[in-house]
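Step one of this worksheet: look at the structure below.
The values are calculated or read from the model by the stated rules, or taken from the named source; none is laboratory data. What you see is a predicted model, and the numbers here were worked out from it, not measured in a lab. Positions of Cβ are generated from backbone atoms using ideal geometry, with glycine treated the same way; all protein chains shown enter the neighbour counts.
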Amino acid sequence: MEFHTLDGNEAVSSVAYRLSETIAIYPITPASVMGEHADDWAALGKPNLWGQVPSVVEMQSEAGAAGAMHGALQAGSLVTTFTASQGLLLMLPNLYKIAGELSPFCMHIAARSIATHALSIFCDHSDVMSARGTGFALLASGSVQEAQDMAAIGHAVTLESRVPVMHFFDGFRTSHEISKIAALSDEDLQTLVSHEGVEEHRSRRMTPDRPVVRGTSQNPDAFFQAREAINPFYQVFPEKLEAVMDRFAGITGRQYRLFDYVGHPEADRVVILMGSGAECAHETVEWLLEQGEKVGLLKVRLFRPFATERFLNALPDTVEHLAVLDRTKEPGAQGEPLLLEVSGALMEAWSRGDRKVLPRVIGGRYGLSSREFTPAMVCAIFDELKAAAPKTRFTVGVRDDVSHLSLDVDNELDIESPKTRRALFFGLGADGTVSSNKASIKILGEGTELFAQGHFVYDSKKSGATTVSHLRFGPLPIRSSYQINRAQFVAIHAPQFLERFDVLEHAAEGATVLLNVPWSKEEVWDRLSVEVQRVLVERKARLFVIDAAEVAEKAGLERRINTVMQVCFFALADILPREEAIAHIKESIRKTWGRRGPEVVRRNVEAVDSALDNLHEVPVPDKVTATRTRPPRVPENAPDFVQKVTRLLLEGQGDKLPVSAFPPDGTWPTGTSQYEKRTIALEIPIWESDLCVQCNFCAMICPHTAITSKVFEPESVKGAPEAFEVVSETQTSELEGLDYRIQVAPDDCTGCGLCVEVCPAKDRTQPKRKAINMQPIESHREVEAENLAFFRQLPDVPRDRIPRDFKSLPLLIPLFEYSGACAGCGETPYIRLLTQLVGDRLLIANATGCSSIYGGNLPTTPYTVNADGRGPTWNNSLFEDAAELGLGMRLGLDKLVGRARQLLEGFREELPHGLYPELTSACTTVDESAMASRRTAIEQLRNWLADKQTPEARELESLADELCPKSVWVIGGDGWAYDIGYGGLDHALASGQNLKLLVLDTEVYSNTGGQQSKATPMGAIAKFAAAGKATRKKDLGLLAMSYGHVYVAQIAMQSHSNHTTKALQEAESFDGPALIIAHSPCIAHGYDLVHSPAQQKRAVDSWAWPLYRFDPRRIHEGLPPLQLDSLRQKVTMKAYMQEEARFRMLELRAPQRYEQLVAAASEAATEQRELYKQLAGIHFEPHETSDADNEKGERHD
Amino acid sequence: MTELATRWLGLELRSPLVVGASPLSDDLDALKACVDAGAGAVVMHSLFEEQLVEEQMAAHRFIDSRINMDAEARSFFPESELFEMGSDSYLQRLELLRHSLGVPVIASLNGISAGGWTRHARELEAAGAHAIELNLYDLASDPEETSEALEQRQLSVVRSVAEQVSIPVSVKLSPFYSALPAFVAGIEESGARGVVLFNRFYQPDMDLDELELSREVVLSTSAELPLRLHAAAMLYGQTTLEMAVSGGVHSGDDAAKAILSGASAVQVVSAVLSEGAGALSRITREMTARLSGMGYRSLAEARGVLSMANAPNARTWERLNYARLLHGWK
């Protein structure tokens, strides 16, 4: 038997790939990786069990993937897919069809929460439970080993039963857990799978040689009977599954049953559940048996069809108290699905007399959105079962002070075997901690007899992210499907964690603690806070330090400290002899990076070799000597909600917050990112006022609003901090007499350097010195933080005073700040600019993707308010429906506007003189002075209404704000606009409604990791386009132009901000739909984004990204609607393409294909240019408008 | 007609005109045209170790560092894209040229580490290079390193490469050595077979509007030739190394002068870059006409006849006369 150390996704994908011919997928967390593996293997030519390379196709959505699956099945192919959550929901209609047609098919679900009050990428079973009516068999697995095995069993049984199978395992917990498992060989699979089943499936295929018709429409006379005809297949399914499981056991020695019972043969208390939680319950039951308890656990493998007989047989007759646990929530239901099945089965058996005792059954929810499920919780459930009057419905894992459903849990309980070693690592996303921990697990799993497990937790930031790795290893199999509570080894890979979290909360007695800090071993102790020192002293920990950053830097690895820390871990954890461990590490470096090139290996090996010389033990004194406590996580002036809720979320203590702390409907305050001080930059931009030319380019390009410029009345700087330098505004006549300052937000800057890159002002005697320069943060942080606080409260000058040109626009207050986007993000500056233009009158409908994660992922969110408390209001519905969401907002809003006007009309005669015209005159969102007057008028109206006692007065009072125009923008990425949401986007444009759509086009699915979209350019390598995309990028703009009534612009802000500001303002002022396609440099392009302005310019100059504006208003002026803002091709397509890894990769891999695709891309650009030139030259003759006039107002039919 | 066959680095060339190291190595069709136009051999552009290292590290920094840092995106590129960003593509190109051109293909190498020089030299040999031209592009900028130390370092590179490979090795030199003959003697002793006179450095220009440096490639002109002729003439007879002149050859007379000063081969780049392969047939035609007109039956007859050892007014090569010449202008 061969052991592999891998994660659940890879284990499952490996089986599914080998047993399939057609794989139709669509990326979705946490299942994307399965599809990516399949794509990689196909790209490498790896065959399936029948010697063919499966076709792996990425569709435009899961709905599309499901359709393709259905079709491939009808053609007689062996088909699989991988999905989760919303993706599964999109597949549902086809799943009913596939099951209804009895097509053998097995799909794999990394179970994930369905978005309700909020999106969550984490695990529960709400997705699979939504599919329980489809007619699919639902097969659950609880560990990486089981996931692999059940995948094989699922594929085998569907061929023999014709009932399609949905195999599910827990997202992240199982899908991303690395574990050492006994791998299934090709021979194992050959023996397991019924080749007759394959033959029979093929024989049912659609072929004109033996034509049939399927998918008929049936009338009341036929449908019902036909539907009932399917029953025998479900009746025999359990038996067939059992047979396959028995055959599987014969091959592998691993015996599964439909229901696996663990525990006392005469147990009186039993819990029932499925998925990874059952592994934790298994471990706990074994521990309780040792304590002499008569308890048991029933693991459900097959949820549907529910095999009642087998269930009853598996449950000991002695059971008196039963707890059924569901990892899903169905509000208002009598109980969650598993509880209902179990209760029904027991009731029936008891009423038939087949079962003497009807156990008392209680049902509980656990683990929603990957909430931890621990042995302590399992014990709490068994305790509850003992109670005279247990809660019939309960929750475990939260503290419910609203409905009082939750069980109390003793979180101190630790039942893990001392033989299992546990290690915790706090790392930064970019420092490679998780990668090297994965490598360590592989070293232990594959190089020793030990069992090993790795689980990785990420926060939701895309820059300066925190990762926590949980590693277990030891001589016993590891069932602990929960995070480590007591770690013998704790490594803190960045010093800032010491100040941010209680990093030693889970350090065990006598733990070894390893710190990476830039301090000498002599000064370390005195630099630690009271909290850290106290734990070290009280738990008698041993403390080791290393300046890993210095070691890595010396080896030429910059901040990538992972191999250095890995060596220290092995040296201190004492699992392998040191030399052996180091040899393994070097081998793993060679294996992982060898193909990248010898230099990468050499530098990593050098880092490994110098690591231990720099590792030092620091003696831990017997008492705490520090007086400094850990700084508060949010500033003292933060609002109450931030203090009470956000602070705990930031400290990693959110799960201790009770239910009552949370809004029940997903409504959260905006403007919270300002309270999360992340301090992730090593260097920040510092302003040199003497050189500054006040161009505001820095503020324009900053992806994090961490450098801003402002003009203000000179008297308002009274009381400013000493270092608060200001200069007179000198560049804009309209702003004469005001003062000017550029301010950095030191704790919010990511250090990307874009601001310095675009700064045009140089010291003529020292050209290295610009008007802003990157400086080490430590020498400026305190001063600039104080300056920032003063800067933020400076009163804004009236909005209408600031000219609407690209140089002055950054002076408007940004209402989007300090997001968690990647350093150098090319998307966020567009959003920030949009909020500067119309933020105080803006409703946003946001598609799921990067922009919804940095835009709306807790703990803090970046959309904020101005001094009047106004700012963007934001909602993310789904990935696919942002345009529809926005359209609905527009329609709903307009109705309220209409109602407000109707009510106003009723008061027309009574209103004070002049107020009615003031409230009804023309006012648009781009007319600042009209907006200001309208707001004043609304205030007057409110004051006037206050005395009126009629219901109409109250209603108008509440709707009065709608008399001021609002702007609705839809924001999303290219995955939304070009693929999954294209239908809705197209419809929104067609509707003619006043709705603006901003496409942040990164040319790949950025959020899920670089899968190709229809926006991916020709010649680029992306996931699912590993050979380089061979087709042209969809011309979304041209499609939108074809309507003739849509404003369309293609923009590129990093290099052409003047054009961008023009286009955004034209779109905003256009009374109808507008589509803005925004070039967004992204880390998925594979280059240093500090060069994005220059690289984007190449994209524009090569016509890879032409700039244009299509304004239907121009038609009525007798002008061509299309204006080409890029005319000539100034650089070659190659000059653009060769600068990005996504193209360069192809050149390295297949130089000839690269040349061909460069030539084809160049040709495509030429053709597009010629077409656009002709379009831009079109002249429409003035024409009679009678038809158009007549049809006006009927456009909604 | 003068017989143009010559020996360069022990290779029998049908013509002394060699396509020098240039971006032309990426353009197979252009090189084929050069061969059709009479090129005797082709030198590939340099395998720059520094560039390979930089690219590997950039990939490590911008691609590998973005793996396993995010819950949703495991990585941003397909896994199968993890392949060597090393010398592979250079070596493949070398093999392609060797199979396609029908004239010797000389690989050029510019290393930065001791290990890099020898490792890549072995790779080039294995890939079938007929010879290796070492590009000692090494600007002295460290005040701690003396010229002696720098020269010793360079000689040790030459020695280690010559020891590692059995194909001939030539060394492309910078014009800036205080004692060129002595250094060339050192090269000879280190095991090289020839020297190329000289490297042309891509010297940055200044962008006065932006107050920064700009990088543009400036093609050579015939005005750069005398420096090379002078060096070849001086070295001819003093060393057994074969010499090639590189830089400033734009006409048949330029090439003839190079031969007369003692060169065995003449590298041409700028003329081909600006004129295309036709430049080579033109230069061949002009050179043959000139040398034939002068009565030489073979290149060997012409080689070095105006070198310092052989020229009737050999002192003209020396600096003293330079001053007199200038005075003569008055």
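Points worth noting:
- The residue of segment A:1020-1051 that is surrounded by the fewest Cβ atoms within 10 Å (Cβ to Cβ), among those that are within 14 Å of chain B (Cβ to nearest Cβ) and closer than 14 Å to A:LEU1157 by Cβ, is A:ALA1027.
- Total residues in segment A:639-666 satisfying the condition of being within 24 Å of A:PRO495 (Cβ to Cβ) and in contact with a helix residue (DSSP H, G or I) (Cβ under 6 Å, 6 or more places away or on another chain): the figure is 2.
- Condition met for B:GLU210 (surrounded by fewer than 17 Cβ atoms within 10 Å (Cβ to Cβ), touching an Asp or Glu at 6+ places or on another chain (Cβ under 7 Å) and outside any helix (DSSP H, G or I)): no
- Failed criterion for A:ARG596 (all others in (1) of a type in the set (D, E, K, R); (2) in contact with a helix residue (DSSP H, G or I) (Cβ under 9 Å, 6 or more places away or on another chain); (3) more than 14 Å from chain B (Cβ to nearest Cβ) hold): (3)
- Within segment A:239-272, tally of residues that are out of contact with any His (no Cβ under 7 Å at 6 or more places or on another chain) and farther than 28 Å from A:ALA183 by Cβ: 9
- Filtered residue count, segment A:746-802, keeping only those that are assigned to a helix (DSSP H, G or I) and of a type in the set (Gly, Ala, Ser): 3
- Taken together, the residues in segment A:32-82 that are without any contact (Cβ under 8 Å) to a residue 40 or more places away in the chain, assigned to a loop (DSSP other than H, G, I, E, B) and away from chain B (no Cβ under 14 Å) amount to 7.
- Taken over segment B:26-52, residues that are surrounded by fewer than 23 Cβ atoms within 10 Å (Cβ to Cβ) and either of a type in the set (D, E, K, R) or assigned to a helix (DSSP H, G or I) (or both) amount to 12.
- Helices (runs of 4 or more DSSP H) within segment A:537-595 that include 2 or more residues under 16 Å from A:PRO518 (Cα atoms) and either hydrophobic (A, V, I, L, M, F, W, C) or in contact (Cβ under 8 Å) with a residue 12 or more places away in the chain (or both): A:548-554, A:562-573
- Qualifying residue in segment A:487-500 (condition: in contact (Cβ under 8 Å) with a residue 60 or more places away in the chain, in a loop (DSSP other than H, G, I, E, B) and either surrounded by fewer than 16 Cβ atoms within 10 Å (Cβ to Cβ) or more than 14 Å from chain B (Cβ to nearest Cβ) (or both)): no
- Test: residue in segment A:848-860 that is closer than 23 Å to A:ASP796 by Cα and outside any loop (DSSP other than H, G, I, E, B): no
- Yes/no for A:LEU985 being over 30 Å from A:GLU36 (Cα atoms), outside the structural domain of A:GLU62 (by TED's automatic domain parsing) and not in a loop (DSSP other than H, G, I, E, B): no
- Whichever residue in segment A:78-101 is buried (at least 21 other Cβ atoms within 10 Å of the Cβ) and of a type in the set (Ser, Thr, Tyr) and, among such residues, is farthest from the chain's Cα centre (by Cα): A:THR80
- Here A:PRO1093 does not qualify as surrounded by 20 or more Cβ atoms within 10 Å (Cβ to Cβ), modelled with pLDDT of 95 or more and not in a helix (DSSP H, G or I).
- Of residues in segment A:206-228 being under 43 Å from the mean Cα position of the chain (by Cα) and in a loop (DSSP other than H, G, I, E, B), the one nearest to A:THR134 (Cα to Cα): A:GLY215
- Among the residues of segment B:41-92, those identified as of a type in the set (S, T, N, Q), at the interface with chain A (Cβ under 7 Å from one of its Cβ atoms) and either within 16 Å of A:GLU558 (Cβ to Cβ) or within 23 Å of the chain's Cα centre (by Cα) (or both) are B:GLN56, B:SER65, B:SER89.
- Test for A:LEU273: is it over 16 Å from A:GLY154 (Cα atoms), buried (at least 24 other Cβ atoms within 10 Å of the Cβ) and not hydroxyl-bearing (Ser, Thr, Tyr): yes
- Figure legend. Inter-residue proximity from segment A:112-132: first residues assigned by TED's automatic domain parsing to the domain that holds A:ASN846, second residues part of a helix (DSSP H, G or I) and not charged (D, E, K, R), beta-carbon distance below 9 Å, spacing 6+ or different chains. No pairs are indicated.
- Cβ pairs under 9 Å, 6+ apart, first in segment A:918-943 and more than 17 Å from A:SER967 (Cβ to Cβ), second aromatic (Phe, Trp, Tyr): A:LEU941/A:PHE907
- Flag for A:GLN766 being touching a strand residue (DSSP E or B) at 6+ places or on another chain (Cβ under 9 Å), within 30 Å of B:GLU210 (Cβ to Cβ), surrounded by fewer than 17 Cβ atoms within 10 Å (Cβ to Cβ) and modelled with pLDDT under 95: no
- Between A:THR873, A:THR835, A:THR864, A:THR848, the distinction of being of a type in the set (Val, Ile, Thr), within 14 Å of another protein chain (Cβ to nearest Cβ) and in contact with a strand residue (DSSP E or B) (Cβ under 9 Å, 6 or more places away or on another chain) belongs to A:THR848 only.
- Qualifying residue in segment B:95-113 (condition: more than 20 Å from A:ALA1150 (Cβ to Cβ), within 14 Å of chain A (Cβ to nearest Cβ) and among the hydroxyl-bearing types (Ser, Thr, Tyr)): yes
- Screening B:HIS120 against (1) within 16 Å of B:VAL165 (Cβ to Cβ); (2) within 12 Å of chain A (Cβ to nearest Cβ); (3) surrounded by fewer than 19 Cβ atoms within 10 Å (Cβ to Cβ) leaves a single unmet condition, (3).
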